[in-house]
Amino acid sequence: MLLARVLAAAGKEPAALEARLLMEAATGLRLLDLVTRADAPLGDENAARLQEFLGRRLHDEPVSRILGRSGFFGLELMVTPDVLDPRADTESLVEGALAFLRRTPVSRPRILDLGTGSGAILCAILRSVPDAYGFGVDLSQAACAVALKNLEICGLADRSSILCGDWADAIGARFDLVVSNPPYIGLEEAAGLDPEVARFDPALALFAGADGLDCYRRLAMDLARLLKPDGGAFLEIGWRQAQAVGQILFEAGFRDIAVSKDHGGRDRIAAVRKF
């Protein structure tokens, strides 16, 4: 396919998959239709749309942004410029949180997702724990709207609530599980970011002060009051932040601190438990 060759020449991989997704989105046809109608003309409207999509991809816009949807933990979620594009690394957080709930079974667990963004983490956990109820909080009203829509898409609207607020400031309840993928990139690192991240993910979801640790300092102050006895918290971290985040959590009074790795073998999740 010519489209795949163009993408591969520009270093966009996996080129064949990206080409198929862009072609399907531009034409409204699925793969089988594209194969059986390979010689059929695209039509002016479809061809123009495909050309637009290709141009955007060649200028580093991620395919998920072009399509307006992204796969995460077996779900297909809506993404907009207002939310972080959910990534495979964050699936490790979901896996750790679900393993925790299996080890400490609670009837109708209450879950809090701080900085929920697209709601990807909350959707994945609620979909896997049918009797759970989840609350998502985000400072961005636009992100809250996306999270609400994704919970609706996943059939989870009746087991969830979304609150627009500044971290946990407005929350007085306690939870069995707290999860968060907070901003953790230092402002000094901005120049080295991949263009697909720097130009297309919202800055509000990326940066957390000069050293990237500001959000952990906020979260650590609130976790003890947010967690029920035996409750657990799982925080995504930058792969070089394990020691620093561990120290922040230690200074906040936590002693049962564990760090686990993502599927690429890098430190990715800091977890604590309240006894």
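No lab work stands behind these numbers, since they all come straight from the coordinates. These figures come from a predicted structure and were not determined experimentally. Don't worry about glycine lacking a Cβ; one is built from the backbone with ideal geometry, like all the others, and counts go over all protein chains shown.
For the chain, with a Gaussian network of springs between Cα atoms less than 10 Å apart, report the residue from Gly96, Gly136, Gly43 with the top mean-square fluctuation.
Its mean-square fluctuation being the largest, the pick is Gly43.
When only C-alpha pairs under 8 Å and at least 6 residues apart count, what is the relative contact order of the chain, in percent?
So the answer I get is 15 percent.
Quick one: grab the alpha carbon gyration tensor of the range 4-147, order the square roots of its eigenvalues as a ≥ b ≥ c, and give me rounded if a/c is under 1.5, else prolate or oblate depending on whether a/b is larger than b/c.
prolate
If the elastic network links every pair of Cα atoms under 10 Å, which of Asn150, Asn181, Asn46 fluctuates the most in the Gaussian network model of the chain?
Asn46
Skipping prolines and chain starts, which residues have an amide H placed within reach, meaning under 5 Å, of the one on Ile162, given they are 5 or more residues away or on another chain?
Gly136
Counting only helical runs of four or more DSSP H residues, what would the 222 nm mean residue ellipticity of the chain come to if each run contributes -39,500 (n - 2.57) and the total is spread over all its residues?
Estimated from H runs of four or more residues: -12000 deg cm²/dmol.
Glu45 versus Ala170, label points 7 Å from Cα toward the beta carbon: distance in nm?
My value for the distance between the label points is 4.2 nm.
With 14 Å as the cut-off, how large is the P(r) tail for the range 52-137, expressed as percent of Cα-Cα pairs?
66 percent
Just flag the chymotrypsin sites (Phe, Trp or Tyr not before Pro) in the range 201-244 sitting in loop per DSSP whose Cβ has no more than 15 other Cβ atoms within 10 Å.
Filter output for the range 201-244: Trp239.
Taking the Kirkwood radius as the inverse of the mean 1/r across Cα pairs, report the Rg/Rh of the range 169-275.
0.99
Straight-line reach from Lys274: which aspartates and glutamates have a Cα under 13 Å away, not including same-chain ones fewer than 8 places off?
Reachable aspartates and glutamates: Asp176, Asp222, Asp230, Asp256.
Expected output is a single nm value to one decimal: the length gained when fully extending between Asp131 and Ala99, i.e. 0.36 nm times separation in residues minus the C-alpha distance. What is it?
10.0 nm
Taking the alpha carbon gyration tensor of the range 80-273, what are the square roots of 5 times its eigenvalues, largest first, to the nearest whole Å?
Listed largest to smallest, the semi-axes of the range 80-273 are 23, 21, 15 Å.
At most 13 other Cβ atoms within 10 Å and a DSSP loop assignment: could you name the trypsin sites (Lys or Arg not before Pro) in the range 217-275 that fit?
Of the trypsin sites (Lys or Arg not before Pro), the ones in loops of the range 217-275 whose Cβ has at most 13 other Cβ atoms within 10 Å are Arg240, Arg255.
Go through Gly186, Ile171, Gly238 and say which Cα lies farthest out towards the positive end of the charge dipole of the chain; charges sit on Cβ, +1 for Lys and Arg, -1 for Asp and Glu.
Ile171
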